[in-house]
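*Asks:* Once you've had a glance at the structure underneath, I'll fire off some questions.
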């Protein structure tokens, strides 16, 4: 069984027992989390598609990490003008281990 959930403006495919990284969610490591916006549930024989979400469905999981992604370098330059800007960014994320999918 698998599901497609919406979290942080992105759609993520989740399966029980697998880990997935989503945009940062509130909570500490070890806390339970419920992803309520389930867009699709698929199994061996059937697929249920929501309009826009599947009613009564949710993915339950446990937070395994709160961390930041790799550093990205942003470099801006205009040739022959002496304009250079260098900044960096690290996006925070939450890693979730999906325990089960209800619905």
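*Asks:* If residue 75 passes every condition in (1) at pLDDT 95 or above; (2) touching a strand residue (DSSP E or B) at 6+ places or on another chain (Cβ under 7 Å); (3) loosely packed, with under 14 Cβ neighbours inside 10 Å; (4) not in a strand (DSSP E or B) but one, which one does it miss?
*Replies:* For residue 75, the exception is condition (4).
*Asks:* Limited to region 57-72, what total is found for residues that are part of a loop (DSSP other than H, G, I, E, B) and surrounded by 10 or more Cβ atoms within 10 Å (Cβ to Cβ)?
*Replies:* Counting residues in region 57-72 that are part of a loop (DSSP other than H, G, I, E, B) and surrounded by 10 or more Cβ atoms within 10 Å (Cβ to Cβ) gives 2.
*Asks:* Are any residues in region 39-51 within 16 Å of residue 11 (Cα to Cα) and assigned to a loop (DSSP other than H, G, I, E, B), and if so, which ones?
*Replies:* 50, 51
*Asks:* Further question: Scan region 92-99 and give yes if some residue there is surrounded by 10 or more Cβ atoms within 10 Å (Cβ to Cβ), in a loop (DSSP other than H, G, I, E, B) and modelled with pLDDT of 95 or more, otherwise no.
*Replies:* No, region 92-99 contains no residue that is surrounded by 10 or more Cβ atoms within 10 Å (Cβ to Cβ), in a loop (DSSP other than H, G, I, E, B) and modelled with pLDDT of 95 or more.
*Asks:* Determine whether residue 27 is under 18 Å from residue 103 (Cα atoms), outside any strand (DSSP E or B) and in contact with a strand residue (DSSP E or B) (Cβ under 8 Å, 6 or more places away or on another chain).
*Replies:* No, not satisfied.
*Asks:* Taking interchain pairs and intrachain pairs at least six residues apart, which have beta carbon atoms under 6 angstrom, with the first residue in region 1-19 and at negative phi and part of a loop (DSSP other than H, G, I, E, B) and the second surrounded by fewer than 18 Cβ atoms within 10 Å (Cβ to Cβ) and at pLDDT 95 or above?
*Replies:* Close Cβ pairs (under 6 Å, with a partner that is surrounded by fewer than 18 Cβ atoms within 10 Å (Cβ to Cβ) and at pLDDT 95 or above) amount to 15/2; 16/100.
*Asks:* Checking the conditions here, which among 33, 54, 22 is outside any strand (DSSP E or B), surrounded by 16 or more Cβ atoms within 10 Å (Cβ to Cβ) and touching a residue at least 40 places away in the same chain (Cβ under 8 Å)?
*Replies:* 54
*Asks:* Hey, another quick one. Applying the selection to region 9-19, what residues are within 13 Å of residue 93 (Cβ to Cβ) and surrounded by 12 or more Cβ atoms within 10 Å (Cβ to Cβ)?
*Replies:* 12, 19
The values are calculated or read from the model by the stated rules, or taken from the named source; none is laboratory data. Remember, it's a predicted structure, so these values are computed and weren't measured experimentally. Glycine gets a Cβ as well: all are built from the backbone with ideal geometry, and neighbour counts include every protein chain shown.
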